[in-house]
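These notes concern the structure reproduced below.
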Amino acid sequence: MDGSILLYPSPGRGHLASMVELGKHILDRHPSFSVTVLLLSTPPPDTHLIDPVSATHPSMTFHHLPAISLPNSDHLSSSPANFILSTFEIVRLHNPTLHENLVSLSKSSAVKAFVIDFFCNAAFGVSASLNIPTYYYFTSGASGLASFLYIPALHVKYPESFKDLNVPIQIPGFPPVSPRDMPMAISNRKLEVYSYFLETAVQMAKSTGLIVNTFDSFEASTLKALRDGLCVPDGATPPTYCVGPLVATGGGTKDGDERQECLVWLDSQPSRSVLFLSFGSMGVFSTRQLKEMAVGLERSEVRFLWVVRVPPPHDEARRMLAELEPRVDSFLPEGFVDRTRGRGMIVESWAPQVEVLSHGSVGGFVTHCGWNSVLEAVCHGVPMLAWPLYAEQKLNRVSLVEEMKLALSVTESEEDDGLVSAGELEERVNELMRSEKGRAIRDRVQAKQEAATAALSEGGSSLSALAELIQSIKARSSEVDVPDLVTSSLGVGGDLDSASTVTIST
């Protein structure tokens with residue numbers, strides 16, 4: 001064995017799934033390594049993602065860090081902003097136990113590299129104190145990485161928050177971006193999470209390397225800017241390894257061995273006739289927005305498979321219901337389900353997305369533009385209708401719509417709290433599913449599907465990048481000298497964050 005590669009994912013479902021796919025990819029191509037995935041126990045990890053992997057990849061083990069008590073559990077809400085903030089904080093609080101476990105694992109197996117999710121930035125100081133080569137895994141695409149690494153430059157260029165500016169933001173290798181399309185955590189310095197993002201960007205530029213879930217021909221202009229050093233203007237950019245697209249291969253269902261009802265329903269639908277609507281693990285809408293969506297879908301007369309969640313607890317219509325766990329039908333127009341029965345299907349909360357997108361009946365995908373969803377659509381040749389909700393998803397939309405031309409976009413009302421009207425959705429759905437413009441998008445997506453397959457084939461760019469990454473890990477492994485826990489200057493009682501503290505002045 002060549003030793004062990006440690007992976008440290010953040011607790012978000014999409015991030016955990018992507019990191020597990022990276023581990024599987026490494027083992028499939030370089031089985032002389034073992035892979036250990038370090039799992040945060042607070043909050044508990046999604047075992048649905050983990051259990052099947054242990055059976056198919058015995059060289060991948062899952063090591064649970066001890067649970068910790070949180071000083072403020074209010075952060076653990078379903079709000080994306082709170083979830084991001086709590087993730088950074090939870091990782092930081094795990095640093096003492098991470099330090100102990102890294103030392104212990106290094107004694108039992110030669111640790112060659114530590115690969116961390118960018119939300120796990122607080123761990124960088126721990127691994128640096130132990131002289132372990134540390135790579136960041138960026139679960140989004142090169143466009144997101146470029147904007148992320150460019151945060152320190154934006155920090156200097158814009159002394160105040162730029163969320164309300166009326167001029168586009170210029171990011172190397174990327175089309176001009178409206179300030180409204182920038183992640184709020186970057187454009188609004190008043191948010192508590194801003195300092196976490198700024199610090200992470202600085203630390204990423206100091207890492208051994210950056211691993212990105214994309215492929216060279218998918219985001220060529222952005223990758224050129226990254227590799228030319230334009231996104232880190234005051235320093236060197238670490239080697240960037242594009243090893244994607246890493247997506248789940250499907251198989252299995254959430255609720256047992258029975259084939260999901262929605263897949264059986266798809267079997268009876270005509271080829272490429274069904275529009276699939278799904279908005280990720282945190283995508284929820286108000287009752288008002290759900291009703292607009294329902295009306296738009298009904299008027300379009302397009303066949304649809306729609307994953308619907310109940311509105312958030314603060315939604316007025318939900319507060320008025322007596323049921324603690326109401327059904328989604330309660331928030332849709334009266335009679336909608338009956339009127340669309342046969343050509344439409346509602347699925348509550350969750351659907352096997354990979355299996356749905358790979359089904360021959362699916363001809364379009366309304367997506368929140370989460371990167372896993374984007375790659376899954378591309379890998380199965382499904383054109384997209386972009387409806388971003390949070391995080392970097394609006395940046396992904398800019399790239400997909402304006403540069404790659406792999407998607408159409410819904411238009412949100414600026415005057416009405418971002419509402420997408422029934423008429424707008426009806427028009428865009430028909431454009432995607434029935435127009436020449438939609439067919440042209442489908443052709444481009446299918447060309448990218450072929451390029452993705454080529455990237456992961458022998459001699460392809462992504463397999464070559466993975467080989468370069470493994471060579472980098474082997475070359476640096478002789479430098480690893482993990483101090484003993486007792487003698488380490490950053491023992492359990494020490495300041496495990498001090499190595500990752502940065503200061504930027506304007």
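Per-structure values
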quantity: Residues within the stretch 148-177 that are more than 18 Å from Glu403 (Cβ to Cβ), surrounded by fewer than 20 Cβ atoms within 10 Å (Cβ to Cβ) and touching a residue at least 60 places away in the same chain (Cβ under 8 Å), tallied; calculated: 4
quantity: Given (1) in contact with a strand residue (DSSP E or B) (Cβ under 9 Å, 6 or more places away or on another chain); (2) not assigned by TED's automatic domain parsing to the domain that holds Val284, number of the condition Ala475 does not satisfy; calculated: (1)
quantity: Within the stretch 73-112, considering residues that are of a type in the set (D, E, K, R) and closer than 21 Å to Tyr196 by Cα, the one modelled with the lowest pLDDT; calculated: Asp74
quantity: Near pairs, Cβ below 6 angstrom, 6+ apart or cross-chain, from the stretch 415-430 (without any contact (Cβ under 8 Å) to a residue 12 or more places away in the chain) to any residue that is assigned to a loop (DSSP other than H, G, I, E, B); calculated: Gly418/Glu412
quantity: Any hit, the stretch 283-306, residues being of a type in the set (A, V, I, L, M, F, W, C) and touching a His at 6+ places or on another chain (Cβ under 6 Å); calculated: no
quantity: In the stretch 1-57, residue surrounded by the fewest Cβ atoms within 10 Å (Cβ to Cβ) [restricted to those that are in contact with an Asp or Glu (Cβ under 7 Å, 6 or more places away or on another chain) and not hydrophobic (A, V, I, L, M, F, W, C)]; calculated: Ser32
quantity: Whichever residue in the stretch 178-204 is of a type in the set (Gly, Ala, Ser) and surrounded by 20 or more Cβ atoms within 10 Å (Cβ to Cβ) and, among such residues, is nearest to Val115 (Cα to Cα); calculated: Ala201
quantity: Every residue from the stretch 443-460 that is part of a helix (DSSP H, G or I) and surrounded by 19 or more Cβ atoms within 10 Å (Cβ to Cβ); calculated: Val445, Lys448, Ala452, Ala455
quantity: Selection from the stretch 344-383 of residues that are surrounded by fewer than 22 Cβ atoms within 10 Å (Cβ to Cβ) and among the hydroxyl-bearing types (Ser, Thr, Tyr); calculated: Ser349, Ser358, Ser361
quantity: Some residue of the stretch 96-107 being in the same structural domain as Leu38 (by TED's automatic domain parsing), outside any helix (DSSP H, G or I) and either over 23 Å from the mean Cα position of the chain (by Cα) or hydroxyl-bearing (Ser, Thr, Tyr) (or both); calculated: no
quantity: Complete set of residues in the stretch 401-434 that are part of a loop (DSSP other than H, G, I, E, B) and surrounded by 15 or more Cβ atoms within 10 Å (Cβ to Cβ); calculated: Leu406, Val410, Glu412, Leu419, Val420, Ser421
quantity: Members of the stretch 379-409 that are free of Cβ contacts under 8 Å to residues at least 40 places away in the same chain and more than 23 Å from Val247 (Cα to Cα); calculated: Ser409
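Here is a yes/no grid of residues against (1) in contact with an Asp or Glu (Cβ under 9 Å, 6 or more places away or on another chain); (2) crowded, with 20+ Cβ neighbours inside 10 Å:
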{"residue": "Pro333", "(1), (2)": "yes, no"}
{"residue": "Gly342", "(1), (2)": "no, no"}
{"residue": "Ala391", "(1), (2)": "no, yes"}
{"residue": "Ser399", "(1), (2)": "yes, yes"}
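The values are calculated or read from the model by the stated rules, or taken from the named source; none is laboratory data. The structure presented is a predicted model; accordingly, all values stated were derived computationally and were not measured. Neighbour counts run over all protein chains shown; Cβ positions are idealised from the backbone, glycine included.
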